[in-house]
1. Identify all residues within the range 75-99 that are at pLDDT below 75 and either of a type in the set (S, T, N, Q) or over 21 Å from I13 (Cβ atoms) (or both); write none if there are none.
2. In the range 20-37, is there at least one residue being aromatic (F, W, Y) and either at pLDDT 75 or above or farther than 18 Å from V93 by Cα (or both)?
Amino acid sequence: MDTITIITVVCSILAALVFLAVYVRGFSRSIAEHGSESSKKIDGDKHFLVPICIAVAASGLVIMLLGVSPLAISLAPLLLIASAAVIGGFFFVESRFDV
């Protein structure tokens with residue numbers, strides 16, 4: 001196997017572990033909070049606007065580069081893995097963002 005394949009596989013496994021940990025934590029939290037007053041609050045997601053725009057722009061850039069550079073073909077799976085890991089990581093720190 002070449003180096004980029006090994007890196008992609010290792011990053012995929014790490015992102016899958018983060019996803020599973022977040023899924024179990026989120027599922028447990030949603031069951032515990034079901035029907036409570038804290039589950040009826042309205043989220044204020046305005047502070048996520050800049051990171052979302054950066055993520056969309058980065059994805060668009062990689063998609064655009066797919067037809068230009070062979071390196072972008074290797075970057076596309078890594079961008080997907082990184083996006084999944086970051087989204088999963090936000091669930092671990094979401095309580096710090098609650099207003």
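1. V93, E94, S95, R96, F97, D98, V99, listed by residue number.
2. yes
The values are calculated or read from the model by the stated rules, or taken from the named source; none is laboratory data. For clarity, every value in this text was computed on a predicted model and none was experimentally measured. All Cβ positions, even for glycine, are placed from backbone atoms using ideal geometry, and neighbour counts span all protein chains on display.
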